[in-house]
Amino acid sequence: MRRAKARDIDAIVEILQTAKGYLKEQGIDQWQADYPNSDTIQEDLDKHQAFVLMSDDQVAGYAAAFEGEDPLYTNLVDGSWLKGGHDYASLHRVAISDKFRGQRLTPRFITALVSYFYAQGARDFRIDTHPGNLPMQKVIANNGFEQRGTVHMKEADHISTERWGYQMLINDDED
C-alpha cells in the first residue's frame, strides 16, 4: 500500500467504475449517482488522503482515509459511538479492481490502512457501508469493526443516503 499519486487517477477511476457496476449487478444503489468520480479522487489527492493497494506494480485497490473529525460521522443515529470526540481515522471509498476480485484483498487493504494509521497514533477507526452491501459488511465485521448506528450521506451525491456506521477501537496493552 502507498499514497496515491496523480498518475494513478485513471486506474482509480476504472476501479471505481467497475465497483459501481458490481454494486448495480447486486441490486445495491450505492455509488449509482455521479459519485465517486475523478473530481472526488482529485480532492482526495489534494487532501493527501488517497491510498492505493499495489499488486505486481498494478493499482489493485483504492481507498480514501484520514485522521480527524469526519462530518459524516458527527450525526450518528440509532446508536452511539463507543468513544466520542474527533480523534479517529475514517476509511472511505474502499474498492478493489475486478481484475483482483476473489483474492481477498479487501480485508488485507483495510488491515494495511488500519496499521498505517495505528503507527501514526490512531486508536479509533470508523467506516461505513450501504445496508444492502452484505459482502462489505462481512469484510468490515471480520476486520474487527462493530456496527454502531446509521449515518447519512450528502443527498446530492447519492441515490440513497443511509449507511451503517462501524467503529473499531484498538486499546494499547501498556496501560
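The values are calculated or read from the model by the stated rules, or taken from the named source; none is laboratory data. Remember, it's a predicted structure, so these values are computed and weren't measured experimentally. Cβ coordinates were reconstructed from backbone atoms using ideal geometry, including for glycine residues, and neighbour counts include every protein chain displayed. The accessibility values were calculated without ligands, DNA or RNA, using every heavy atom of the protein model including side chains. Shrake-Rupley method; radii C 1.70, N 1.55, O 1.52, S 1.80 Å.
If you go through region 135-175 and keep only what is surrounded by fewer than 16 Cβ atoms within 10 Å (Cβ to Cβ), modelled with pLDDT under 95 and out of contact with any strand residue (DSSP E or B) (no Cβ under 8 Å at 6 or more places or on another chain), you end up with PRO135, LYS154, GLU155, ALA156, ASP157, ILE159, ASN171, ASP172, ASP173, GLU174, ASP175. So for region 59-68 (the condition being under 14 Å from the mean Cα position of the chain (by Cα) and of a type in the set (Ser, Thr, Tyr)), does at least one residue qualify? For region 59-68, residues under 14 Å from the mean Cα position of the chain (by Cα) and of a type in the set (Ser, Thr, Tyr): present. Condition check for ASP39 on (1) more than 25 Å from PRO131 (Cβ to Cβ); (2) in contact with a strand residue (DSSP E or B) (Cβ under 9 Å, 6 or more places away or on another chain); (3) outside any loop (DSSP other than H, G, I, E, B): one failure, at (2).
Taking ARG93, is it of a type in the set (D, E, K, R), buried (at least 17 other Cβ atoms within 10 Å of the Cβ) and over 20 Å from LEU169 (Cβ atoms)? Here the answer is yes, as ARG93 does meet what is asked. Please verify whether PRO107 is out of contact with any His (no Cβ under 7 Å at 6 or more places or on another chain), closer than 30 Å to GLN58 by Cβ, open to solvent by 50 Å² or more (accessible area, probe 1.4 Å) and assigned to a helix (DSSP H, G or I), treating the condition exactly as stated. When the stated conditions are applied, PRO107 does not pass them. Of all residues in region 25-59, those being among the aromatic types (Phe, Trp, Tyr) and at negative phi number 2.
Looking across region 55-78, the residues that are open to solvent by 30 Å² or more (accessible area, probe 1.4 Å), assigned to a loop (DSSP other than H, G, I, E, B) and over 18 Å from TRP164 (Cβ atoms) come down to ASP56, ASP57, GLU69.
Restricting region 111-154 to residues that are assigned to a helix (DSSP H, G or I) and in contact with a helix residue (DSSP H, G or I) (Cβ under 7 Å, 6 or more places away or on another chain), the residue that is nearest to ASP56 (Cα to Cα) is VAL139.
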